[in-house]
Amino acid sequence: MEIAFKLNGEQVTVQTEPTARLLDLLRYPLGLTGTKEGCGEGECCACTVYLDGDPVNACLVPVFQVRGREVLTIEAIDRHSLEPLLQSGATQCGACTPGVVMMATWVTTRPHLLEQFSARELMAGNLCRCTGYDGIIEGLQAALDVDGAEDGA
Ligand code: FES
Ligand code: FES
């Protein structure tokens, strides 16, 4: 089946099984290996990408659902967004890092969410088996401070 969608700003058309997982399509035929597989069943958020601007678990999305829509992967994220997380000790093996960055970047564009939820609650879906969560939360906080400082400049 032919499926057309926008991927990281470019229009793409792929031949694929409609029920193939978006995660597999991204990593193998399309070569975007920045999106990682952790649990493969919607529990860890290592495979987080944006679908029409909102985070989804690519391991749970059948490809037919992205037809005519827009997918953004870690490859499209400005490296600037990664710095606070990379510097906070939030990475070790790196398997969770792309998903953490995708979620944290999404949160930094919606700071009003922090009026309702703590940073730890917002990141609760992203599982990390290596580092503990303090570094991730500190990195998110630092990213929010950076963005806040830039917004105010
Ligand atoms: Fe998709 Fe864990 S690999 S949620
Ligand atoms: Fe290894 Fe998070 S750094 S799973």
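Derived from the Cα gyration tensor, the three semi-axes of the equivalent ellipsoid of region 57-107 are 25, 13, 8 Å, largest first. Sorting 129-138, 108-117 by their mean Cβ neighbour count within 10 Å, with the most densely packed peptide first, gives 129-138, 108-117. Just so you know, the averaged projected area of the alpha carbon convex hull for the chain sits at 9.0 nm². The residue 86 and residue 145 beta-carbon pair, evaluated with R₀ = 22 Å, returns a calculated FRET efficiency of approximately 0.90. Counting protein heavy atoms only, region 1-142 has 50 percent of its accessible area on carbon and sulfur, 1.4 angstrom probe.
Quick check on region 2-81: take the gyration tensor over C-alpha atoms, sort the square-rooted eigenvalues as a ≥ b ≥ c, and tell me if it's rounded (a/c under 1.5), prolate or oblate. Since a/c reaches 1.5 but b/c is at least a/b, the shape of region 2-81 is classed as oblate.
Average accessible surface for region 1-129: 50 Å² per residue, computed with a 1.4 Å probe over protein heavy atoms with every protein chain in place. Across the alpha-carbon atoms of region 29-68, the computed radius of gyration and Dmax are 10.1, 28 angstrom. Relative contact order, whole percent, for region 30-109 stands at 36, derived from Cα pairs under 8 Å and 6 or more residues apart.
The values are calculated or read from the model by the stated rules, or taken from the named source; none is laboratory data. Remember, predicted model here, so these are calculated numbers, not experimental data. Backbone-built Cβ (ideal geometry, glycine too); neighbour counts: all protein chains shown. Quick note on the areas: whole protein, heavy atoms, side chains included, nothing else; ligands and nucleic acids left out. Shrake-Rupley method; radii C 1.70, N 1.55, O 1.52, S 1.80 Å.
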